Amino acid sequence: MTETLPRLPTLVPPPIELPERAAALRAEVRTFLAGERAAGAWHPRADVWLSGWDERFSTELAKRGWLGMTIPAEYGGHGRTALDRYVVTEELLAAGAPVAAHWVADRQIGPSLMRFGTEEQRQRFLPGIARGEVYFGIGMSEPDSGSDLASVRSRAEPVDGGWSLTGTKVWTSGAHRAHAFFALVRTSPRDERNRHAGLSQLIVELDAPGVTIRPIPLLTGAHHFNEVVLNRVFVPDAMVLGEIGAGWHQVTSELAFERSGPERFLSTFPLLVALVGELAGTELDRGRRQALGGLVARLWTLRRMSLAVAGSLESGLAPELAAALVKDLGTRYENEVIDAARLLVSMPPDPGAEHGYARLLADAVLHAPGFTLRGGTNEVLRGIVARGLGLR
Amino acid sequence: MRGEHRHELRELAETIFADARSRASASETGFDAGLWTTLEQAGLARLTLPEAAGGSGGSLTDLAVVLEAAGAYAARVPLVETDLLAGWLAHAAGLEVPAGPLTAATAELTIQPTGDGATVSGTLPRVPWARAATAIVVLAGDRVLVLPPAAVEITEGSNVAEEPRDTVTVADVTLGPGAVAAAPDGATARLGLRAALGRTLLLAGAARGALAESVRYAGERVQFGRPIGRFQAIQQQLALAAAEVAAVAAASAAAARTAAADGFGADTTAFAVAAAKARASEAAGVVARIAHQVHGAIGFTREHALRLVTTRLWAWRDEDGSEASWNDELGARALAAGGEGLWPLVTGAP
């Protein structure tokens, strides 16, 4: 009797190599970024996809065809692959470039509109997204609905020609500057036997009557998060995304794309660059070299994992389990960079510094709590992994 | 097509290694001669060696699949040593590759040229599987030697997984011209990278094996009226182990692919193998610790099969370079690259 090991689910898809053309694209992006840096257009920052709002920069990227890359040309996009977009995105994040303005629209709104949107919705939003001029927020969390997203209470009542939306959304990054957001709302009463039923996604323009946006300052005092109060906001039928009642399915299918990208391990990479810059040319003892080398080994591994998931997504699969693992490891790694930086260089973090190591360290320390929360807490992700392993 | 071929190879390897493990009791140690014969018959014992050297002419990515499975089932055979190390070294040096299971060593030996051959003396510490090998292929400075076991003294030793790690004493052994040759270019570095890659792939398998055993046990073991895998505390621990297993799988597969594409002389391969072995060695301890914690006392006994993979995780993480030594090298590379060169180093895109 042969005793085989129990089969495990696919924890990581097979390795991929980027296509040949990626090298030229990468070189173009690097040349552009070097020019921006040389001109002093911005300084590298940590956690740029939350905090680096720079509309000029977004439109410069758009001019070069680096926004809406996967959107078809008929909607103003560039019809390129998700792997091409991966190359551009990782270069921007590694450089600490200010990508926050277009971030949500480019990463998930464009693909969601292509997947679930109507022709009218695509025509209306996609060209502006690809031009780097139309920005979006995410309207999922509520005061009483964080990890338990299915408990959202915002509700939309049917009215003549559309829906009347009432409720409160929180932690909406950039809502005070964005044009619209996707709100996850109840369109039929809660059913305890099927908690995921009766949810829908509506596209809400943030200047609509009845929308009130209030800042929720971060612990630094910086304004990125908002509370978005919706008081009988009229949303026309034409702005329902996908199907009424299919909101849960639509939202969760976005998440595999959202959890495995380079933004899940590169939030503190600019700090690592500054750290190596501080240490290069000094006499480093073996222990410090090893600590630095450990960060390099983990980073290289995370990137290979993330690329493997990107390759799997590109081939039409939805590797939810592998994506959750990338995010768990990657966001913990972002914190490990901070600890190594603190211990390897004696320089106190300085939030008042204009730029450089002390400023990067301060920003990284103060933004760190968000890394392992956003996009599903690491504990929730491990629950997804446990389900994948057949434990629940 | 390639994917299908690899899937078949994986199934074949899993079946062979699972059979071998089912035949033996958990307490058996040492060379599994029956398994070796099966591997030779299936063409897996010398997968990457060219046909001219008695091999199957397969790719490194094929071998990666087989070694991962060997690690998962704790196979007691010198696959890495025969195919990736000794076979390659002898063949690359232009020597005939001896038949049977082989092993390899790098050592300082005293070599006196005698006619067309040489007389050699010295000690080779901790040679894997020496007692089971039909030949010991040694990289000694700029020479490659093929030592017949009958001519040397073998003192048995082991690693923490009870795998043979023997001391080989060589006292004035005279070798003919067929057993001595000039070493190929860069042999020391290449042999080190080959050994580290092989060990990394074995570690990936052992890590997967430990996780699979733990998931099964957590589903079967009942405490407080339900399987322990139903408790979030256990689920969270197993999810952490799964993350480590996934990291090792990704790193080892990517390193094998880089080595297959660029060769062991390439700087890209040197970087990838260093990073992969460092990451795998780091993960090994985490996976073994969680596997034992989930298994409770039974996993800590000799009768339980868990130890076959956990002791290998502990042994292999330190062999062919621990994370300390590979991280040291990676740290030096990062410092040489400087801040601006770090991202090009990590992406392999200058």
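What the table shows:
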| item | result |
| --- | --- |
| Hey, residue B:270 of a type outside the set (Val, Ile, Thr), out of contact with any His (no Cβ under 7 Å at 6 or more places or on another chain), modelled with pLDDT of 95 or more and within 20 Å of residue B:322 (Cβ to Cβ) or not | yes |
| Qualifying residue in the stretch B:311-332 (condition: among the β-branched types (Val, Ile, Thr), surrounded by 20 or more Cβ atoms within 10 Å (Cβ to Cβ) and either more than 7 Å from chain A (Cβ to nearest Cβ) or at positive phi (or both)) | no |
| Number of positions in the stretch B:72-114 that are among the β-branched types (Val, Ile, Thr), within 20 Å of residue B:256 (Cβ to Cβ) and surrounded by fewer than 19 Cβ atoms within 10 Å (Cβ to Cβ) | 0 |
| Selection within the stretch B:226-239 - touching a residue at least 24 places away in the same chain (Cβ under 8 Å) and more than 7 Å from every other protein chain (Cβ to nearest Cβ) | B:228, B:234, B:237 |
| Answer residue from the stretch B:322-338, given it is part of a helix (DSSP H, G or I) and of a type in the set (S, T, N, Q) and is nearest to residue A:289 (Cα to Cα) among those | B:327 |
| Residues (surrounded by 19 or more Cβ atoms within 10 Å (Cβ to Cβ) and among the hydroxyl-bearing types (Ser, Thr, Tyr)) located in the stretch A:54-69 | A:58 |
| Residue B:3 being outside any loop (DSSP other than H, G, I, E, B), free of Cβ contacts under 8 Å to residues at least 40 places away in the same chain, under 23 Å from residue B:248 (Cα atoms) and within 14 Å of chain A (Cβ to nearest Cβ) | yes |
| Single residue of the stretch A:338-358 satisfying the filter (assigned to a helix (DSSP H, G or I) and touching a residue at least 24 places away in the same chain (Cβ under 8 Å)) that is farthest from residue A:221 (Cα to Cα) | A:344 |
| Complete set of residues in the stretch B:339-350 that are in a helix (DSSP H, G or I) and within 7 Å of chain A (Cβ to nearest Cβ) | B:339, B:342, B:343, B:346 |
| Single condition residue A:85 does not satisfy, out of (1) outside any helix (DSSP H, G or I); (2) under 14 Å from the mean Cα position of the chain (by Cα) | (1) |
| Neighbours by Cβ (under 6 Å, 6+ apart or cross-chain): first from the stretch A:374-392, on the phi < 0 side of the Ramachandran plot and at the interface with another protein chain (Cβ under 7 Å from one of its Cβ atoms); second modelled with pLDDT under 95 and assigned to a loop (DSSP other than H, G, I, E, B) | A:386/A:392 |
| Selection status of residue B:8, out of contact with any helix residue (DSSP H, G or I) (no Cβ under 9 Å at 6 or more places or on another chain), more than 11 Å from chain A (Cβ to nearest Cβ) and closer than 27 Å to residue A:17 by Cα | yes |
| Residue count for the stretch A:181-211, restricted to those that are of a type in the set (S, T, N, Q), exposed (fewer than 12 other Cβ atoms within 10 Å of the Cβ) and touching a residue at least 12 places away in the same chain (Cβ under 8 Å) | 0 |
| Top-ranked residue of the stretch A:103-138 - restricted to ones that are out of contact with any Gly (no Cβ under 6 Å at 6 or more places or on another chain), small (Gly, Ala, Ser) and assigned to a helix (DSSP H, G or I), ranked as surrounded by the fewest Cβ atoms within 10 Å (Cβ to Cβ) | A:128 |
| From the options A:25, A:93, residue that is more than 30 Å from residue A:203 (Cβ to Cβ), crowded, with 16+ Cβ neighbours inside 10 Å and either out of contact with any His (no Cβ under 8 Å at 6 or more places or on another chain) or aliphatic (A, V, I, L, M) (or both) | A:25 |
| Per-region count, the stretch B:288-306, residues loosely packed, with under 12 Cβ neighbours inside 10 Å and either assigned to a loop (DSSP other than H, G, I, E, B) or assigned by TED's automatic domain parsing to the domain that holds residue B:160 (or both) | 3 |
| Failed condition for residue B:69, given (1) part of a helix (DSSP H, G or I); (2) surrounded by fewer than 24 Cβ atoms within 10 Å (Cβ to Cβ) | (2) |
| Subset of the stretch A:4-17 that is in contact with a helix residue (DSSP H, G or I) (Cβ under 6 Å, 6 or more places away or on another chain) and more than 7 Å from chain B (Cβ to nearest Cβ) - its residue that is farthest from residue A:388 (Cα to Cα) | A:16 |
| Extreme residue, surrounded by the most Cβ atoms within 10 Å (Cβ to Cβ), among residues of the stretch B:211-225 that are more than 22 Å from residue B:246 (Cα to Cα) and either within 11 Å of chain A (Cβ to nearest Cβ) or touching a residue at least 40 places away in the same chain (Cβ under 8 Å) (or both) | B:221 |
| Scan of the stretch B:240-254 for residues that are within 9 Å of another protein chain (Cβ to nearest Cβ) and either among the hydroxyl-bearing types (Ser, Thr, Tyr) or buried (at least 24 other Cβ atoms within 10 Å of the Cβ) (or both), ordered by number | B:242, B:243, B:244, B:245, B:246, B:247, B:248, B:249, B:250, B:251, B:253, B:254 |
| Sole residue being over 17 Å from the mean Cα position of the chain (by Cα), at pLDDT 95 or above and within 14 Å of chain B (Cβ to nearest Cβ), chosen from A:341, A:362 | A:341 |
| Residue B:265 being assigned to a loop (DSSP other than H, G, I, E, B) and more than 13 Å from chain A (Cβ to nearest Cβ) | yes |
| The one condition in (1) modelled with pLDDT of 95 or more; (2) of a type outside the set (Asp, Glu); (3) assigned to a helix (DSSP H, G or I) that residue A:266 fails to fulfil | (3) |
| Set A:292, A:299, A:313, A:284: member being at the interface with chain B (Cβ under 7 Å from one of its Cβ atoms) and at pLDDT below 95 | A:284 |
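The values are calculated or read from the model by the stated rules, or taken from the named source; none is laboratory data. Remember, it's a predicted structure, so these values are computed and weren't measured experimentally. Neighbour counts are summed over all protein chains in view; Cβ atoms, including those assigned to glycine, are modelled from backbone coordinates with ideal geometry.
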